């Protein structure tokens, strides 16, 4: 019977010109069993209600078997046809009617909609009970009542329960498969999110490393290039050359120390420690003034900004450093003005200098070209610290402003 439908497999969709094995097997089985019962004389045509038409039993049997083959097209319609053919066989006195009634109930429960399936299950139980009660009240015979109960149970109630269990097992398997697919899909999404997060962190780390390397090496090497250029331009000034060589050594040693410190922290996986404070800016400025640059620096912050956090001070130090580098590259022989002051609840750092048309043959750093990395680094640092940054050309002046939080100075 239809119990041969594989458990856990959804009923396949009907396709014209295609008969499913799950339906072909019970149809052929019922035809063979009916023929065997007929040959063995199990059918009682002499007491049939339509005795004169009893030899027509192959017709309802054939219609019922064809309905089994086509039942997936329209489950309620073909289940009704199967049931009617079963009743027709009963009226002809053929016991094959039990098979078709069994299959009609089985079809409604297994292949019908969820609502139709539940209705058929409950209806089969109620109908079996009613037939038993009705037989007892009509005949008063316990034997006939028990026989009716057994036949009704085997033909109506049992296929409903059987098909219900098969359907529940199938639905459970489908649910488990969907859960497994959803779990796998969620795992895939999580893996993709982790990969994206890893890539993002890697990009951020690379950007941070590039910014740190630029700030450390660019500052030291720019100072060395500037001072060596000043020495080359004054070969007979022994005092200047001596100071320049001493400063070059200081810058070289500090640059090596800072680079080694950065490499050690990267190997250890430790966060990079902010380098530079506001107290270091005067010495930084003197590095450029010794080489002949004109730099004016003023710090009007309360207590010179000593209460500011290490990250804020490091960002301001790096901003001053980058401003000095850019000034020596793009506006030498002019004047750079560096200012620190408190504006509302922010520290304002300003760097300004006149715009100069450079003569490559007269600059001290003709071999040093800017890449814009310094300005991008200042912008990134101010954004990370919750501040603002902008650089503009106003008239014939280049003006750079950085605003950073100053909560420490306000308490």
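The values are calculated or read from the model by the stated rules, or taken from the named source; none is laboratory data. These numbers were taken from a predicted model, which means no experiment stands behind them. Note: ideal-geometry Cβ built from the backbone for every residue, glycine included; neighbour counts use all protein chains shown.
Pick from segment 326-344 the residues that are assigned to a helix (DSSP H, G or I) and in contact with a helix residue (DSSP H, G or I) (Cβ under 9 Å, 6 or more places away or on another chain): which of them is nearest to residue 297 (Cα to Cα)? The qualifying residue nearest to residue 297 (Cα to Cα) is 327. Taking the numbered list (1) modelled with pLDDT under 70; (2) more than 47 Å from the chain's Cα centre (by Cα); (3) closer than 22 Å to residue 120 by Cβ in turn, residue 13 passes all entries but (2).
Let's see how each residue does on (1) at pLDDT 85 or above; (2) within 15 Å of residue 156 (Cα to Cα):
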position: 57; (1), (2): no, no
position: 62; (1), (2): yes, no
position: 65; (1), (2): yes, no
position: 74; (1), (2): yes, no
position: 87; (1), (2): yes, yes
position: 93; (1), (2): no, no
position: 96; (1), (2): no, yes
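Here is a check on your reading of the model: is residue 182 assigned by TED's automatic domain parsing to the domain that holds residue 121, farther than 30 Å from residue 86 by Cα and surrounded by fewer than 15 Cβ atoms within 10 Å (Cβ to Cβ)? Here the answer is yes, as residue 182 does meet what is asked. Within the set 298, 286, the sole residue that is assigned to a strand (DSSP E or B) and either surrounded by fewer than 16 Cβ atoms within 10 Å (Cβ to Cβ) or touching a residue at least 60 places away in the same chain (Cβ under 8 Å) (or both) turns out to be 298. Per the conditions (1) surrounded by 22 or more Cβ atoms within 10 Å (Cβ to Cβ); (2) at pLDDT 90 or above, the sole criterion not satisfied by residue 80 is (1). Consider segment 323-354 and keep the residues that are modelled with pLDDT under 85 and more than 26 Å from residue 404 (Cβ to Cβ). The one that is surrounded by the fewest Cβ atoms within 10 Å (Cβ to Cβ) is 333. If I ask for residues that are within 23 Å of residue 354 (Cβ to Cβ) and surrounded by fewer than 18 Cβ atoms within 10 Å (Cβ to Cβ), which ones from segment 380-400 would you list? Selection gives 390, 391, 392, 393, 394, 395, 396, 397, 399.
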